[in-house]
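Here is the structure we will look at.
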Amino acid sequence: MGCVLDGVPPGIEVDREDLQREVDLRKPSGALGTPRAEEDTVEILAGVLNSRSTGAPIVLFIANRDTDSSKYNRFRTVPRPGHADLTQLRKYGETVDLRGGGQFSGRMTAPMVAAGAVAREMLRTIGVQVAAYTQQLGRVDDPEDRTLKEVRRQARENPVRAADPEIALEMIQEIMEAKHEDDSVGGVVRCLAVGLPIGVGEPFFDSLEGELAKMMFSIPGVKGIEFGAGFRAAGMRGSEHNDSFLVEDGEIHTVTNHAGGVLGGLSNGMPLDLRVAFKPTASISREQRSIDLERMEDTTIKIEGRHDPCIVPRAVVVVEAATALVLADLCLRGDFIA
Ligand SMILES: Cc1cc2nc3c(=O)[nH]c(=O)nc-3n(C[C@H](O)[C@H](O)[C@H](O)COP(=O)(O)O)c2cc1C
């Protein structure tokens, strides 16, 4: 796995250990995740000298070491329900590489997280911070409106990345229950970003919401995104939904943040507040209905192999990285980062 990060200004601190710490947060956690144990060692191949970006494209590389491709051949004939086997087979034909899920594997997010650590560093130079947590996991919901500070303090302290230790226990229970029943669960990751200046985003097609949505839908398993009140806004009155302006310590704020920090596709100075919905993991070990593509008839499939009963905890750092990448990119485009 790897990536090329172009456009990073010279002089940004790029410490391999920082990148590694972020990538390690994406690893499965004990009984809650897949037994696949990848080292995920991040190598910086180019673009960094003495822990500083040189201005040349940064090339990152992460080797796959703990591979077991033996279970994937079957999906050429009997595609997994909910996964991308059928669609990629039909798009690319017989030469397609289905091992590990091919280019539709969750592993595609490992280099994204490493790149996101560089983007975070770029954002740090202008005082922007990003933090995410698991707000909902299956039936367990965190109803509190958490602050970025709270999220930063708590979410990395428990394996499900919840913003509250009690709720974390309930979420762990929810995953264990699904696993026990040969099933899987999904959930919602909420991501906050503070310190954004007013005006980040490029009209018309590259709005802040548009770019973030496009990036989030690159993460495998994502089925929805909301900003602020999101779909709830449709049922609200204008008098309720409008965020009234106020001046606080000489700065423009709003009383509420139903807009999620975005007006007209541009950041409005309030915290960016987005929620990303993940579906339950497709690969479950229960018997399911599928089709035999050679015989063109109905059959069943029982998936073996090493899969996550819930990808949401691992996806939290991915959503943070994806957000940081979009924000850093739009800050460069809008000359907010020199
Ligand atoms: C970190 C991460 C790990 C994932 N692990 C698995 C997995 O073990 N098994 C699985 O079926 N899907 C897994 N997925 C999701 C699939 O890659 C995804 O559902 C599939 O490519 C189909 O794409 P779609 O769900 O976006 O339509 C993972 C996703 C992420 C972000």
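Numbers for the structure displayed
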read-out	value
Dipole in debye (nearest 20) - the chain, about Cα centre, beta carbon charges: Lys, Arg +1; Asp, Glu -1	780 debye
Sequence-separation-based contact order of the chain, relative, with Cα cut under 8 Å and 6+ spacing, percent	23 percent
Nearest 10 degrees, 0 to 90: helix 165-180 Cα axis against the chain principal axis	20 degrees
Loop-located GluC sites (Glu not before Pro) in the range 137-212 whose Cβ has at most 13 other Cβ within 10 Å (DSSP)	144, 181
Restricting the range 240-338 to GluC sites (Glu not before Pro) in coil, as DSSP defines it, with at most 14 other Cβ within 10 Å	294, 304
Pairwise centroid distance, computed over Cα atoms, of the range 146-173 with the range 244-258, Å	28 Å
Centroid-to-centroid separation of the range 279-333 and the range 188-219 [C-alpha atoms, Å]	22 Å
Residue exposure sequence - 6, 142 - by fewest surrounding Cβ within 10 Å	6, 142
Loop-located trypsin sites (Lys or Arg not before Pro) in the range 278-338 whose Cβ has at most 13 other Cβ within 10 Å (DSSP)	286, 295
Computed Rg/Rh of the chain, alpha carbon atoms with Kirkwood Rh	0.98
Three-way shape label, the range 186-338, alpha-carbon gyration tensor, a/c 1.5	prolate
HN-Hα J in Hz across the range 227-232 - Karplus 6.51, -1.76, 1.60, θ = phi - 60°, x for Gly and Pro	10, x, 5, x, 5, 5
Dipole of the chain, positive end: most advanced residue of 205, 245, 175 [Cβ charges, Cα centre]	175
Reach of residue 179 by Cα under 17 Å, taken over lysines that are not fewer than 8 positions away in the same chain	279, 302
Distant-in-sequence amide H partners of residue 290 (H built 1.01 Å from N, under 5 Å)	299, 300, 301
C-alpha long axis of helix 312-333 to longest principal axis of the chain, angle in °	50 degrees
Ascending count of other beta-carbon atoms within 10 Å, so fewest first, for 191, 331, 3	3, 331, 191
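Any read-out appearing in this document is the output of simple, stated calculations on the displayed coordinates, not a laboratory observation. Computed from a predicted structure; not experimentally measured. Counting neighbours? That spans all protein chains shown, and the Cβs are built from the backbone with ideal geometry, glycine included.
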